[in-house]
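Below is one structure, written out as structure tokens; comments come after it.
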Amino acid sequence: MSIQLILGGSFQGKLEFALNLTGCSQKDVADETSPQLWRQKPILNHLHRLVYQILQQGGNPQAVLEDILCQNPHAVILCNEIGCGIVPMDAFERKYREAVGRLCCELAHRAVRVIRVQCGLPMVLKGEPL
């Protein structure tokens, strides 16, 4: 398995960076509106939104992600950092935030490279330098 995880805040240039890194185009990107394509496309955008949908439907995000990674072991996964800031009062929102954080920790552990993108600039947190 040679997944790569790219993290960062909203609108910080994660997708553009991933496209440049991989040489892929927008047609090679799956997002939360097409979860079935997460098993096929090389770039998986908006993990945080997919987790939200899975939890809303009563599913297990960890199990879904395991299934995706079994079928797409070389995926580049993009996720917004949502764990910083004020802790939500709503119980579902806290559960969602925790689920995203735990999945990102698991992915970071398994990934060959973890990159944080801020203001369009990449910082390698794990793996070979760019």
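Worth pointing out:
Yes/no per residue for (1) more than 12 Å from the chain's Cα centre (by Cα); (2) farther than 25 Å from residue 125 by Cα; (3) modelled with pLDDT under 95:
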site	(1), (2), (3)
34	yes, yes, yes
48	no, no, no
65	no, no, yes
88	yes, yes, yes
93	yes, yes, no
96	yes, no, no
104	no, no, no
107	no, no, no
112	yes, no, no
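- Residue satisfying all of: in segment 1-18; surrounded by 15 or more Cβ atoms within 10 Å (Cβ to Cβ) and touching a helix residue (DSSP H, G or I) at 6+ places or on another chain (Cβ under 7 Å); farthest from residue 81 (Cα to Cα) among these: 3
- One residue from 36, 40, 56, 26 being closer than 23 Å to residue 130 by Cβ, polar (S, T, N, Q) and either buried (at least 18 other Cβ atoms within 10 Å of the Cβ) or without any contact (Cβ under 8 Å) to a residue 40 or more places away in the chain (or both): 26
- Some residue of segment 20-43 being under 17 Å from residue 100 (Cβ atoms), of a type outside the set (D, E, K, R) and not in a loop (DSSP other than H, G, I, E, B): yes
- Residues of segment 93-130 satisfying the condition of being in contact with a helix residue (DSSP H, G or I) (Cβ under 7 Å, 6 or more places away or on another chain) and either among the basic types (Lys, Arg) or free of Cβ contacts under 8 Å to residues at least 40 places away in the same chain (or both): 95, 126
- Being under 16 Å from residue 3 (Cβ atoms) and exposed (fewer than 14 other Cβ atoms within 10 Å of the Cβ) is a property that holds for residue 70.
The values are calculated or read from the model by the stated rules, or taken from the named source; none is laboratory data. In this text, all values refer to a predicted model and were calculated from it rather than measured experimentally. Because the Cβ atoms are built from the backbone with ideal geometry, glycine has one as well, and the counts that use them run over all protein chains shown.
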